[in-house]
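**Q** Quick one: this structure, given as structure tokens, is what I'll be asking you about.
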Amino acid sequence: MVDSGRRELPKPPRRVPAGVLAPLTSVEAPVRRAIATAATEPPLPPKFRPRFVVPLVVFVLVLGVGAGWLVRQDSLTMDVEHVRGTVGPSVVRILATTCEGTGVATGVLLDDGLVLTAASAIKQPMSVALVTSTGDVRRTNVLGSSADGVAVLRMLGQLPNPTAELASKEPASGADRAVLGFIANGLQTIQLLGPSKDPKPLPSVLNATKLGAPALDNSGRVVGLITGDTVPTAKVVPVANLRQYAGTGQQGITPEPGGTCERSRGPQLPIVPELAVANTPLATDVQKLLGDYTTTTNKHDFAAIRELYSAGLAKTLTETQDRDRHQTSYLFGARITEVTQSGEYVNARMTYSALFSPNSIGARGQTCNRIDNRYRLVREDGKLVVDSAAAVQAPRGCD
């Protein structure tokens, strides 16, 4: 039978009529009285036996110590996916046009629009912008840099993104840390750095575009910043220094001289436009051509870019004109939104952002614009080339 879980109270004994039982004998009476007395008096306490108590005490102590170790051990480990989900929106890409063309790094967004990054990425800057993991772009001003390689920027405009928090103190020497930054293709990644008492070699968790990345504790607080001119020379600047640089007055920060060169360049990374259309053989050809076009433009190799022009365009657009139009520009965030065939021509629409010096030709005081162009492409000698370009809509500021 299945036990329903119900328990009935025991039934009281039936009342026995007087005279049914015979009188107690002289032997039975004392026995019955002894039974009645034992039933009403409380039982005596059991005999104390130390040999049973001592093992119990030892067991409790061991259990308590073990539980404390488990709590401490848990406080030192890290859930990297949780940390990335929490802090990821506040970690940004830094892009700049500089006299040396070194302007790419990672940065971290703090309260009041402050951004910390590696000073090596913005040496002699002409223009600097940040790009969030969702593609939002904002211009920034350079406030200065520190002796240990930290640059402090201030973002122009607003962002809905949450900001990162500087830790109040260094983490425990055995606590795990992680580095959250961007790799060359613009993807955000997180890697364990290890505890300060036994860290991994920085080059094993870095590439050049992760310079400026924050070191994070298991709660997602910033406990350091990766700086250095190169990956082999990278180091972690402690959070105590960062609190000074990001505090009132930016103590320890000196102004960073702006670029004085006539022509500046952005990062020299290859550009592969995102395909927002069906991945057909024609779309792949268009993606390669426009990727080569933007990459070569960023390198300011205006002699080589002419090989991507049709014979007609090469006659009407001279190398000098091309150079003057792009003297300080850097193109990024390219996205192909249309590819159609019309007779012998291919029409391709591409949007991208352009970073440039505010005093360059046609800048009108801006440092970043969103461009939306339609390109007419044609095949010459079996190769797809650019024949003309026209704006679909007027350029808009990145903010």
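The values are calculated or read from the model by the stated rules, or taken from the named source; none is laboratory data. None of the values given here were measured: they were computed from a predicted structure. Neighbour counts are summed over all protein chains in view; Cβ atoms, including those assigned to glycine, are modelled from backbone coordinates with ideal geometry.
**Q** If I filter the range 98-122 down to residues being at pLDDT below 90 and in contact with a strand residue (DSSP E or B) (Cβ under 6 Å, 6 or more places away or on another chain), which single residue comes out as nearest to Q188 (Cα to Cα)?
**A** In this case the residue turns out to be G103.
**Q** Another question about this same structure. Considering each residue of the range 179-200, count those that are outside any loop (DSSP other than H, G, I, E, B) and in contact with a strand residue (DSSP E or B) (Cβ under 6 Å, 6 or more places away or on another chain), and give that number. Spell out how you get there, then give the answer.
**A** Here is the first cut: in the range 179-200, the residues outside any loop (DSSP other than H, G, I, E, B) are 179-182, 188-192.
From what's left, in contact with a strand residue (DSSP E or B) (Cβ under 6 Å, 6 or more places away or on another chain): 179-182, 188, 190-192.
Adding up the residues that qualify gives 8.
**Q** Follow-up question, since we're still on this one. Looking at the range 202-222, I want the residues that are farther than 16 Å from L116 by Cα and have a partner that is at pLDDT 95 or above and in a strand (DSSP E or B) with Cβ atoms under 6 Å, at least 6 apart or on another chain. Which pairs are those?
**A** Taking only residues 6 or more apart or on different chains, the pairs are V205/V179; D217/V223.
**Q** Which of the residues belonging to the range 155-176 are among the charged types (D, E, K, R) and modelled with pLDDT under 95?
**A** K169, E170, D176
**Q** Restricting to the range 201-257, and then to whatever is of a type in the set (D, E, K, R) and assigned to a loop (DSSP other than H, G, I, E, B), can you tell me which residue is nearest to A105 (Cα to Cα)?
**A** Among those residues, the one meeting the criterion is D229.
**Q** Here's another thing I want to ask about it. How do the pairs read when you match residues in the range 275-295 that are within 17 Å of L308 (Cα to Cα) and touching a residue at least 40 places away in the same chain (Cβ under 8 Å) with residues anywhere that are of a type in the set (V, I, T) and assigned to a helix (DSSP H, G or I), using Cβ under 9 Å and keeping only pairs 6 or more apart or on different chains?
**A** These pairs meet every condition: Y293/I305.
**Q** Further question: Within the range 238-273, count every residue that is under 20 Å from G228 (Cα atoms) and of a type in the set (S, T, Y).
**A** 2
**Q** Also, quick follow-up: Using the structure shown, decide if I226 is closer than 25 Å to T98 by Cβ, assigned by TED's automatic domain parsing to the domain that holds G107 and surrounded by 14 or more Cβ atoms within 10 Å (Cβ to Cβ).
**A** yes
**Q** Ok, one more. Can you find even one residue in the range 190-206 that is under 18 Å from T98 (Cα atoms) and among the small types (G, A, S)?
**A** In the first step, residues of the range 190-206 are kept if they are under 18 Å from T98 (Cα atoms); the result is none.
Within the range 190-206 (the criterion being under 18 Å from T98 (Cα atoms) and among the small types (G, A, S)), the answer is no, since none of the residues qualifies.
**Q** Continuing with this model, one more query. I'm checking my understanding of the structure. Among residues of the range 243-289 that are at pLDDT 95 or above and basic (K, R), which one is surrounded by the fewest Cβ atoms within 10 Å (Cβ to Cβ)?
**A** K288
**Q** Evaluate the following for D79: is it under 23 Å from L180 (Cα atoms), surrounded by fewer than 16 Cβ atoms within 10 Å (Cβ to Cβ) and either in the same structural domain as T328 (by TED's automatic domain parsing) or at pLDDT 60 or above (or both)?
**A** Details: under 23 Å from L180 (Cα atoms): yes; surrounded by fewer than 16 Cβ atoms within 10 Å (Cβ to Cβ): yes; either in the same structural domain as T328 (by TED's automatic domain parsing) or at pLDDT 60 or above (or both): yes.
In short, yes.
**Q** Working only within the range 244-283, note down all residues that are within 28 Å of the chain's Cα centre (by Cα), of a type in the set (G, A, S) and closer than 20 Å to R349 by Cα.
**A** A276
So that you can scan it fast, the table gives a plain yes or no per residue for (1) surrounded by 16 or more Cβ atoms within 10 Å (Cβ to Cβ); (2) part of a strand (DSSP E or B); (3) at pLDDT below 90:
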residue	(1), (2), (3)
G291	yes, no, no
T294	yes, no, no
I305	yes, no, no
T328	yes, no, yes
G333	yes, yes, no
V339	yes, yes, no
V346	yes, yes, no
S357	yes, no, yes
A363	yes, no, yes
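**Q** Just name the residue that is farthest from D136 (Cα to Cα) out of those in the range 374-399 that are free of Cβ contacts under 8 Å to residues at least 12 places away in the same chain and among the charged types (D, E, K, R).
**A** In this case the residue turns out to be D381.
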